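The values are calculated or read from the model by the stated rules, or taken from the named source; none is laboratory data. Values in this document were obtained by computation on a predicted structure and should not be read as measured data. So basically every Cβ, Gly included, is an ideal-geometry build from the backbone, and we count neighbours across all protein chains shown.
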Ligand SMILES: CC(C)(COP(=O)(O)OP(=O)(O)OC[C@H]1O[C@@H](n2cnc3c(N)ncnc32)[C@H](O)[C@@H]1OP(=O)(O)O)[C@@H](O)C(=O)NCCC(=O)NCCS
């Protein structure tokens, strides 16, 4: 059975580290703002085992005019569980959470390898690709809710 529920930031590390910070120290899994009240972390549990995570930050990007924006960060599914629909379920969970909080727009910096995944969920690219140090090439993507 699959369940998505809110989890503390520390519980994301066992997924953040192998998927997003491979071969990097655990400290690299701590994101600025992880523990402020407006930040929310969600975990997808498959038979009580955490297999996917997503974090939602109340963070605006001045490129967009919308007043109420949220940024997705730390989207990751454990390797053996990828391409089974879990990532989509987590993004949709965040979208519903945002809609119920009157958030007007979701944006994030997407790794180039993940752009196709977000496009399937109707996110759009804006601007040119850019590099994030130690992580690689990214695109700014967004969706108006
Ligand atoms: C990218 C990621 C979050 C997607 O989650 P997932 O559970 O594997 O994806 P889903 O199974 O929900 O895929 C939904 C759809 O997107 C497609 N898709 C998944 N990953 C894709 C990718 N990297 N490129 C293109 N399409 C992709 C799936 O085939 C599926 O399409 P379908 O509905 O036609 O079958 C996951 O693979 C992951 O953690 N990757 C490594 C870390 C990463 O890149 N995170 C994002 C950082 S910005």
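What the table below lists for this structure:
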{"item": "The one condition in (1) over 17 Å from residue 144 (Cβ atoms); (2) surrounded by fewer than 19 Cβ atoms within 10 Å (Cβ to Cβ); (3) at pLDDT 95 or above that residue 48 fails to fulfil", "result": "(3)"}
{"item": "Identity of the residue in the stretch 68-86, more than 20 Å from residue 57 (Cα to Cα) and buried (at least 16 other Cβ atoms within 10 Å of the Cβ), that ends up nearest to the ligand (Cβ to nearest atom)", "result": "86"}
{"item": "Wholly within the stretch 1-57, strands (runs of 3 or more DSSP E) carrying at least 1 residues that are within 12 Å of the chain's Cα centre (by Cα)", "result": "40-46, 49-57"}
{"item": "Hits in the stretch 103-144 - residues which are more than 10 Å from the ligand (Cβ to nearest atom), at pLDDT 95 or above, surrounded by fewer than 16 Cβ atoms within 10 Å (Cβ to Cβ) and assigned to a loop (DSSP other than H, G, I, E, B)", "result": "104, 122"}
{"item": "In the stretch 87-102, the residues that are away from the ligand (no atom under 13 Å from the Cβ) and either touching a residue at least 40 places away in the same chain (Cβ under 8 Å) or in a helix (DSSP H, G or I) (or both)", "result": "95, 96, 97, 98, 99, 100"}
{"item": "The lone exception for residue 64 - which of (1) in contact with a strand residue (DSSP E or B) (Cβ under 7 Å, 6 or more places away or on another chain); (2) in a helix (DSSP H, G or I); (3) under 24 Å from residue 32 (Cα atoms) it fails", "result": "(2)"}
